[in-house]
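Heads up: the structure comes next, in C-alpha cells.
Values quoted throughout were computed directly from the atomic coordinates according to the rules given, and no laboratory measurement underlies them. Bear in mind that the values here come from a model prediction, so they are computed numbers and not experimental data. Backbone-built Cβ (ideal geometry, glycine too); neighbour counts: all protein chains shown.
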Amino acid sequence: MKASSLSILVKILGQNKWFYLFSSALFILVIFLRTLEPKVFQWLTDELVNLGKSPQSIDKIVDRIPMMEFLLRNFNPFVSILVYFSVLYILITFTRSVVVFSAHTINAYSTENALSRLRNRLFSHLQGISMHHYVHHSKGEIIQRSTNDLEVVKNFIQNNIVEIIRISFMVIFSVSIMIRINLLVTLVSLCLMPFVVFLSFRFYKKEKKIWEKHESESDLLNNIIQENIQGIRTIKANAKEQMAINAFEHQNQRRLDAGIKHIELHCIYWPAMNFLVFLQIVISNLFGVYMTSLGYLTIGELLGVGIIVNMMLWPLRQVSSVLTNLSMAMVALQRIDELLTLPSEEDFDFNCKAPLKGEIEFRNVSFQYPGQKKFALKNVSFHINAGEKIAIIGPTGSGKSTIGKLLLRLYEPNEGTILIDNRDIRTYSKAYLRQHVGIALQNSIMFSATIKENLGAVNPSADNSMLYTAMEKASIAGLLEQSEKGLHKMIGEKGINLSGGQKQRLALSRLLLKKTDLFILDDVTSYIDEQNEQAILKSLKTHMADCTCIIISHKLSSILFAEKIIVLNQGLVQQVGNRDILVNTDGYYNIIYNLQTEGKVPLKEFI
Ligand SMILES: Nc1ncnc2c1ncn2[C@@H]1O[C@H](COP(=O)(O)OP(=O)(O)OP(=O)(O)O)[C@@H](O)[C@H]1O
Ligand SMILES: [Mg+2]
C-alpha cells in the first residue's frame, strides 16, 4: 500500500474521527454480544444436563444464576431454565440489532460527509492545476477518478472497514473464549490459519495488479465514450459511426479481458479459501468430540466450541471479499492521489493590484509548451501603447494564440520578460491578471446553463439591460426573440444548440460585460459573415475606444480597426507596421491582402 494512499485514507477517516471511534466501539460491542450468544447456549445446555443428573442442585443454580430464584421456586425447573436463557438470548440479539443499526447509521453518515469533502477538495484542486496537466490526463480519466473511484473508496470505508473490525474482534473474542474453555482445542481450531493468511496476502497482491489494469482500460473506454459523444456531429457528418463502434468494441473487449482475469483469480481463491475453512471446522469439531470423549470438555463446552468455531471461521471467508474491496480501494485512492498531488499553479509572492492601463511589452520572449520540442515563440519582442489597437496575424500554428495565453499567465515564458504598464507580468497575481484582462479565446466555450448565467459569469452584477446591450453590440440580441424564455433560454452542452457564429457572438457579448481596459480577441469573428462582422467591429471600436485591444485573426476584414499589425511566422515576429507600409512590403501581409481582396473593394473602406 502506497504511503500517500494510506495517508488520504487516514485523512478521510480523521475528519470524522469521533464518529468513527464511536461507531467502531458500537461494532465491538456488537461482536461482544454476538460471542455471548453461543455462551448462552453453552450455559443452557450445561445447566439442563446438570439438572437432569442431580435434580436437587436447584439451590446451587439459584446461587450461580442471578434472578433465577423466583422462576425455580414457582415453576418447573427445566422450563424455568429454558425460559430464562431464551429471554436472555432474545435480549442479547435485540440489543445487538439496535446497536448494529446505530453503528451502521453513524458510519454511513460520517463516510458520506467525508467523501463529499474529498470530492470538493479534488474538484477545487483540479481548478488550480496548470493547464498542461490537462494534456496528460484525459477528460474521461479525470471524470472516472472523480466519480467512480471516489465511490469505490466510499463503499470500502462504509462496508469493509466495519467488516475488518468485525472479523478482527470476532477472532479476538472467540479465541479468548475458546482459550478459557481449552487451550489445546483452540490451537487445533486455528492450525490452518497460517495458510489462510498466506493465501490472502498472495490474493491481495494479485488482485491489486489486475484491478489497476482494469481501471486503466476503463479510463480509455470512458475517453472513447466522452470523445464520441462530444464529436457526434463530426462522426455522423463523415458517416463514421461504424468506425466509432469498432473502436468502442475493441476497447470494451480489452476491459472485458481485464475483468475476466479478475473473475478467474476469484475462481481460484474463493474455493481454496472455502476448502481451508471447511477443513478447519471439520478438524476442530472432530478434535472437540475426541476431547469430550476423554472428559476434557463438557457437552455444553463442545456445543459452545462448535458454535464459536463456525462463527469465527465462516466470516474469515469474507476476508477475500474484504481484500478484493481493499485492493480496489487502494487502486482508487492511488489514482485520486495522483490527481491530488498534481502541482497547483505556482505564483510569486508579489501581488500588485495596480489598475491595468494596458501598455504591453514583450522583451525577447521565447516559449516552449511543456513536453514539446519546438518553440511556439522565439525571441519575440514588440511594444503596444496603452489604448492602442493592434492586430496579430500569421499562418496557422505561428504562435498567435500563445501570446494571449502568456498574457493571462496560463503559461510562463522560458526566456525573456513580459511587461504590463512597465511592470513585470509576474508581479501581478495570476488571479488578478485573469480578472482584469478581457479575453475571448479562440473557440470559446459556452456552458450548459441559461444565456443569462453564461454571460453573467464574468460580471455577476450585470442586470438584464446590461446583458441585452452587450448582446446588441455583438449583433446577437436577435437570439432572445427566438425563444419565449429570452435570457433564460438554456444553452446546450458546449453550445450545441447554437451555430458557430452565434457562439462566437455570445462569447463576444460575455467579453463586453467584463470591466477591463485590456482586450484580447482571439479569432472571434472567423465564423461570422462579413456584413455582421463589420457591424460588430464598429460597436467594438466604440466600446473599446480608450482600451488596449489585441485582435488575433487570419481575416484581414477582422483587423480593420487595428492601428498596427504584427506578423508572426513559426514563432518569430516577421513584420511590424501599419497597413499602408505592410501592403507595399513583400511578406505575409501583402500575400494575404492580395488573396483576400482580389476583385473586391479595398478592405479599409469598410470602417
Ligand atoms: N497546449 C499545447 N500543448 C502543446 N503544444 C501546443 C499547445 N497549444 C499550441 N501548441 C503548439 O504551439 C504552436 C503555436 O500554437 P498557437 O495556438 O499559438 O498557434 P496559432 O497561431 O494561434 O494558430 P491558429 O491560427 O491555428 O489558431 C503550434 O505549433 C501548436 O501545435
Ligand atoms: Mg490560435
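Determine which aspartates and glutamates satisfy two conditions relative to Lys213: a Cα distance under 13 Å, and not lying fewer than 8 residues away in the same chain.
By straight Cα distance, Lys213 reaches Asp257.
Compute the angle between helix 161-181 and the longest alpha-carbon principal axis of the chain, please, reported from 0 to 90 degrees and rounded to the nearest 10.
20
Ignoring trypsin sites (Lys or Arg not before Pro) that are buried or in helix or strand per DSSP, and keeping those with at most 13 other beta carbon atoms within 10 Å, what is the longest stretch of the chain between them?
On the way: sites that count: Lys2, Lys353, Lys373, Lys374, Lys485, Lys515, Lys600.
Maximal segment without exposed cleavage sites: 3-352.
Would you compute, for the Cα atoms of the range 247-329, the largest minus smallest coordinate along each principal axis and list the three values in descending order, in whole Å?
71, 20, 13
Taking the number of other C-beta atoms within 10 Å as the exposure measure, put Ile591, Ile550, Ile172, Ile281 in order starting with the fewest. Can you show the working numbers first?
On the way: Ile591 10, Ile550 25, Ile172 14, Ile281 18.
Final ranking by Cβ density, sparse to dense: Ile591, Ile172, Ile281, Ile550.
How large are Rg and Dmax for the range 129-257 when only the alpha carbon atoms are used, in Å?
When restricted to Cα atoms, the range 129-257 yields Rg and Dmax of 23.9, 79 Å.
How high is the relative contact order of the chain, given as a whole-number percent (alpha carbon pairs under 8 Å, six or more residues apart)?
Numbers: 807 pairs, mean separation 84.4, N = 607.
That works out to 14 percent.
From largest to smallest, what semi-axes in whole angstrom does the range 3-340 give when each is the square root of 5 times an eigenvalue of its alpha carbon gyration tensor?
Values: eigenvalues 586, 108, 52 Å².
Gyration-tensor ellipsoid for the range 3-340: 54, 23, 16 Å.
Given the chain, what percent of its DSSP beta bridges are antiparallel, to the nearest 5? Provide the component values of the computation, followed by the final result.
Details: 19 of 35 bridges.
Bridges in the chain are about 55 percent antiparallel.
Starting from the Cα-Cα distance between Ile229 and Glu249, subtract it from 0.36 nm times their residue separation and give me the gain in nm to one decimal.
Details: separation 20, 0.36 × 20 = 7.20 nm, distance 1.53 nm.
Separation in residues times 0.36 nm, less the Cα-Cα distance, equals 5.7 nm.
Evaluate E = 1/(1 + (r/R0)^6) for Gln570 and Cys352, where r is the Cβ-Cβ distance and R0 equals 45 Å; express this FRET efficiency to the nearest 0.05. Mind showing how you got there, number by number?
Values: r = 34 Å, r/R0 = 0.75.
It comes out at approximately 0.85.
What are the residues whose amide H is under 5 Å from the amide H of Ile392, where those residues sit 5 or more places off or on another chain and H is modelled from the backbone?
Distant-sequence amide H within range of Ile392: Ile551, Ile552, Ser553, Ile566.
Which whole-Hz couplings ³J(HN,Hα) result when phi for each residue of the range 207-218 is put into the Karplus expression 6.51 cos²θ - 1.76 cosθ + 1.60, θ = phi - 60°, listed in order with x for Gly and Pro?
Values, residue by residue: 4, 5, 5, 5, 5, 4, 5, 4, 5, 6, 5, 5 Hz.
Toward the positive end of the charge dipole of the range 86-182, about the Cα centre and with charges on Cβ (Lys, Arg +1; Asp, Glu -1), which of Thr111, Met131, Ser86 goes farthest?
Looking along the dipole axis, the top candidate is Ser86.
Rounded to two decimals, what is Rg over Rh for the chain when you use alpha-carbon atoms and the Kirkwood radius? Working shown, then result.
Details: Rg = 37.3 Å, Rh = 30.9 Å.
Rounded to two decimals, Rg/Rh equals 1.21.
When averaged across all projection directions, what area in nm² does the alpha-carbon convex hull of the range 387-517 cover? Display every interim value, and only then the final one.
Values: hull surface 37.6 nm².
That works out to 9.4 nm², a quarter of the Cα hull's surface.
Distance check, please: which entries in Lys357/Lys473; Lys389/Lys503; Lys430/Lys489; Lys373/Lys515; Lys389/Lys515; Lys503/Lys555 exceed 26 angstrom between their Cα atoms?
Details: Lys357/Lys473 23 Å; Lys389/Lys503 24 Å; Lys430/Lys489 33 Å; Lys373/Lys515 38 Å; Lys389/Lys515 18 Å; Lys503/Lys555 18 Å.
Beyond 26 Å: Lys430/Lys489; Lys373/Lys515.
Just to confirm a number: summing +1 for Lys and Arg and -1 for Asp and Glu over residues other than Val319 whose beta-carbon lies under 13 angstrom from that of Val319, what do you get? It would help to have the intermediate numbers written out before the result.
Working: positive: Arg166, Arg202, Arg317; negative: Glu163, Glu207.
That works out to +1.
Excluding residues on the same chain fewer than 8 positions from Lys11, give the aspartates and glutamates whose Cα lies under 15 Å from its Cα.
Glu112, Asp337
When the C-alpha atoms of the range 1-116 are aligned to their principal axes, what extent does each axis show, in angstrom, from largest down?
So the three principal-axis extents are 67, 26, 17 Å.
Wrap a convex hull around the Cα atoms of the range 373-448, take a quarter of its surface area, and give that in square nanometres.
On the way: hull surface 26.8 nm².
Directional mean of the projected Cα hull area for the range 373-448 stands at 6.7 nm².
With loop defined by DSSP as not H, G, I, E or B, and exposure as at most 12 other Cβ atoms within 10 Å, which is the longest segment of the chain clear of exposed GluC sites (Glu not before Pro)? Walk me through the numbers before you get to the answer.
Values: sites that count: Glu346, Glu484, Glu598.
The longest such stretch corresponds to 1-345.
If you take the Cα atoms of the range 442-515, find Rg, then find the Kirkwood Rh from the mean of 1/r over all pairs, what is Rg/Rh? Could you put the intermediate results ahead of the total?
Details: Rg = 10.7 Å, Rh = 11.8 Å.
Expressed as Rg/Rh, it is 0.91.
Non-local amide H neighbours of Thr450 (under 5 Å, H modeled in plane, Pro and chain starts lacking H): which ones?
Ile491
In degrees between 0 and 90, to the nearest 10, how far off the longest principal axis of the chain does helix 17-53 point, with axes built from Cα atoms?
20
Give me the percent relative contact order of the range 442-515, please, defined on Cα pairs under 8 angstrom at least 6 residues apart.
Numbers: 93 pairs, mean separation 38.4, N = 74.
The value is 52 percent.
Calculate one ³J(HN,Hα) per residue across the range 473-488 by plugging θ = phi - 60° into the Karplus curve 6.51 cos²θ - 1.76 cosθ + 1.60, and present them in order as whole Hz with x for glycine and proline.
Ordered by residue, 3J(HN,Hα) equals 4, 8, 6, 10, 4, x, 4, 5, 7, 6, 9, 5, 6, x, 5, 8 Hz.
Less than 30 Å apart at the alpha-carbon level, and either on another chain or at least 8 residues along: which lysines does that give for Lys53?
Lys53 reaches Lys39.
Using θ = phi - 60° and the Karplus form 6.51 cos²θ - 1.76 cosθ + 1.60, what ³J(HN,Hα) does each residue of the range 251-264 get, whole Hz, x for Gly and Pro?
5, 4, 5, 5, 5, 4, 4, 5, x, 5, 4, 4, 5, 4
Work from the charge dipole of the range 501-565 (Cβ charges, +1 for Lys and Arg, -1 for Asp and Glu, about the Cα centre) and give the residue of Leu560, Gln531, Leu506 farthest towards its positive end.
The residue sitting farthest along the positive end of the dipole is Leu506.
Quick one: Cα convex hull volume of the range 1-55, Å³ per residue?
Details: hull volume 4.7 nm³, N = 55.
Each residue corresponds to 85 Å³ of Cα convex hull volume.
Based on the alpha carbon coordinates of the range 80-198, what radius of gyration and maximum Cα-Cα distance (Dmax) apply, in Å?
Rg and Dmax of the range 80-198, Cα atoms, are 23.3, 78 Å.
Working from the alpha-carbon coordinates of the range 281-428, get Rg over Rh, Rh being the Kirkwood radius. It would help to have the intermediate numbers written out before the result.
Details: Rg = 35.8 Å, Rh = 22.2 Å.
Ratio value, two decimals: 1.61.
Quick check on the range 297-371: what does the Kirkwood estimate of hydrodynamic radius come out to from the alpha carbon pairs, in Å? Intermediate values should be presented prior to the final figure.
Numbers: mean 1/r = 0.0497 Å⁻¹.
Its Kirkwood hydrodynamic radius stands at 20.1 Å.
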